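Read through the structure below, which is laid out as structure tokens, and then see the notes.
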Amino acid sequence: MSSLLREEMQRVLFRPAKHRLVEFIEIEEPLPGRHFLCVSVGRKKVVQLSIVHCQISKTTQKSGSKKLQTQRSSIQECYKKIEIWSLNDLTLVDGRDPDV
């Protein structure tokens, strides 16, 4: 199941932004839906961490012939990046002087 999630997030979110999804984990948030912490790498080795929200959309698409129409749900639109940080920004925050 996680490989399917990885492929879907890679195709919908990260490939259009010229990034490669390296790793992700599911996190718990008080908001409805599923949330993931994702690590991705860009072309120039720029590492980004992002929180991705996935909420199953209730829209349906009709497919098939006129006589026999089937309903299928579209999950392509359900992935959205909520927050994005670069690894350099997080390193800078983590590298503070502990005595201050």
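The values are calculated or read from the model by the stated rules, or taken from the named source; none is laboratory data. Not measured: the values here are computed from a predicted model. For neighbour counting, all protein chains shown are included, and Cβ atoms are generated from backbone atoms with ideal geometry for every residue, glycine included. Please note that ligands, DNA and RNA were not included when accessible areas were found on the heavy atoms of the full protein model with its side chains. Shrake-Rupley method; radii C 1.70, N 1.55, O 1.52, S 1.80 Å.
Applying the selection to the stretch 5-19, what residues are touching a strand residue (DSSP E or B) at 6+ places or on another chain (Cβ under 7 Å) and surrounded by fewer than 13 Cβ atoms within 10 Å (Cβ to Cβ)?
18
Search the stretch 35-47 for residues that are farther than 16 Å from residue 8 by Cβ and assigned to a loop (DSSP other than H, G, I, E, B) and pair each with any residue that is among the polar types (S, T, N, Q) and at pLDDT below 95 when their beta-carbon atoms are under 9 Å apart and the residues are at least 6 apart or on different chains.
Between residues of the stretch 35-47 that are farther than 16 Å from residue 8 by Cβ and assigned to a loop (DSSP other than H, G, I, E, B) and residues that are among the polar types (S, T, N, Q) and at pLDDT below 95, the close pairs are 46/86; 46/88.
I'd like to verify a number: residues in the stretch 56-86 that are at pLDDT 80 or above and under 13 Å from the mean Cα position of the chain (by Cα), how many?
7
Could you check the stretch 21-34 and list, in sequence order, the residues that are open to solvent by less than 60 Å² (accessible area, probe 1.4 Å) and outside any strand (DSSP E or B)?
33
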